[in-house]
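These notes are about the structure you will find just below.
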Amino acid sequence: MMHSGAESIRGRFGPQAPVRPIVANLLLALGARTDLPIEQLDELGLAVDLVLAGRAAGEVAVELWAGDDELAVSISPVTHEWPVRHRLVLESLVSEIETAGGEVLLRARR
Amino acid sequence: MPGGEPTAVLAVRAARGEADAREALVERLAPMVAALAHRFAGRVPAADLEQAGMLGVLKAVNGFDPNLGTAFEAYASPFAVGEMLAVVRQSTSPVRVPRAVRDIERQVNAAIDDFTAARGRTPSVREIVTFTGLDEEDVLEALRARLLSRPVPVTELSEDVLAAEDGDLAAAERRIDLDELLAGLEPRSRRIVALRFGVGLSQREIAARVGLSQMHVSRLLRQALARLQGEVGQ
């Protein structure tokens, strides 16, 4: 999945790494560079938490992009059935969700 | 003569920014706030609780509609309790938050509530910085506490706040399949979840509807979603 953004951060986390608080802090830091209302940042954070709970075994890669009016987070690998199973909730929390090959892209757009 | 005015009238005038009404309202509701603070006695200094509770009362004036027939005291109580709970949570957190940071958090939270009431949406981080005049780092620190804090236990919320009948909910639960998320939740949490994911209301809209702060709604949603996240290990 390609995404063009002004700033991005990419990280890889081992199975024991505290990925959720780290990603939440990165999301807030990058979110501050956007014009997104904090309610949208909060809900993107909820969606990221939910997707991370369905990550596959082993390392997980997380990438965040920030533009003026949007913030996107990519997470992989995620078990195939997880985003399908929770798509309804995820779609309620973010502006757009894409899934392909074990990768989930969540996008909050103003 | 504010002292003789009905409380609802004072609240309406306070919402318009009339200082004498705010002062009279604070004086009028001080006993109620003190009584509510008594619930948390021993966990946090009473003065801090009462100060937080009064902040909640003053926030409540913005959304109060006397035409709905609810007494202002009843309407404002959940706001007062919500602010007190925030103080209790901070004081019982494993990581002690310095008073200066707590003051900044309150300043940021108040700015968010005022901005949201005025503009009908929550502000961006940049807007909070402009609105408060604080450094971005301070704002981010406060937001970190706000957005990343642990969910508030549902049992700490007043049941009567969330127990009211709501005709949209049954329809929402029928319209979409929320069974998985709603299963096992208490009725009050079901209501919040159904309003968010079923009816499609924003956190801000839900907060106004059920008489909680947007922060509380966010925490309740976080708690509900934590149930789904817990499935992965089962």
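Values computed for the structure shown
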| item | result |
| --- | --- |
| Selection from the range A:9-21 of residues that are part of a helix (DSSP H, G or I) and more than 8 Å from chain B (Cβ to nearest Cβ) | A:19, A:20 |
| Verdict on residue A:73 being in a helix (DSSP H, G or I) and touching a residue at least 12 places away in the same chain (Cβ under 8 Å) | no |
| Scope the range A:93-109; condition part of a strand (DSSP E or B) and of a type outside the set (Ser, Thr, Tyr); matching residues | A:96, A:97, A:98, A:100, A:103, A:104, A:105, A:106, A:107, A:108, A:109 |
| Matching entry among B:69, B:120 (being within 14 Å of another protein chain (Cβ to nearest Cβ), at pLDDT 80 or above and loosely packed, with under 13 Cβ neighbours inside 10 Å) | B:120 |
| Contacts under 7 angstrom Cβ, first residue in the range A:29-42 being without any contact (Cβ under 8 Å) to a residue 24 or more places away in the chain and under 13 Å from residue B:128 (Cβ atoms), partner acidic (Asp, Glu) and surrounded by fewer than 22 Cβ atoms within 10 Å (Cβ to Cβ), 6 or more apart | A:32/B:136 |
| Residue B:168 vs. criteria more than 10 Å from every other protein chain (Cβ to nearest Cβ), at pLDDT below 50 and part of a helix (DSSP H, G or I) | no |
| Filter result for the condition that a residue is modelled with pLDDT of 90 or more, assigned to a helix (DSSP H, G or I) and within 14 Å of chain B (Cβ to nearest Cβ), over A:29, A:24 | A:29 |
| Per-region count, the range B:1-60, residues charged (D, E, K, R) and surrounded by 18 or more Cβ atoms within 10 Å (Cβ to Cβ) | 6 |
| Considering residues of the range B:123-154 that are modelled with pLDDT of 90 or more and outside any helix (DSSP H, G or I) only, the residue surrounded by the fewest Cβ atoms within 10 Å (Cβ to Cβ) | B:133 |
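The values are calculated or read from the model by the stated rules, or taken from the named source; none is laboratory data. Worth saying up front: this structure is predicted, and the values here are computed from it rather than measured. Neighbour counts run over all protein chains shown; Cβ positions are idealised from the backbone, glycine included.
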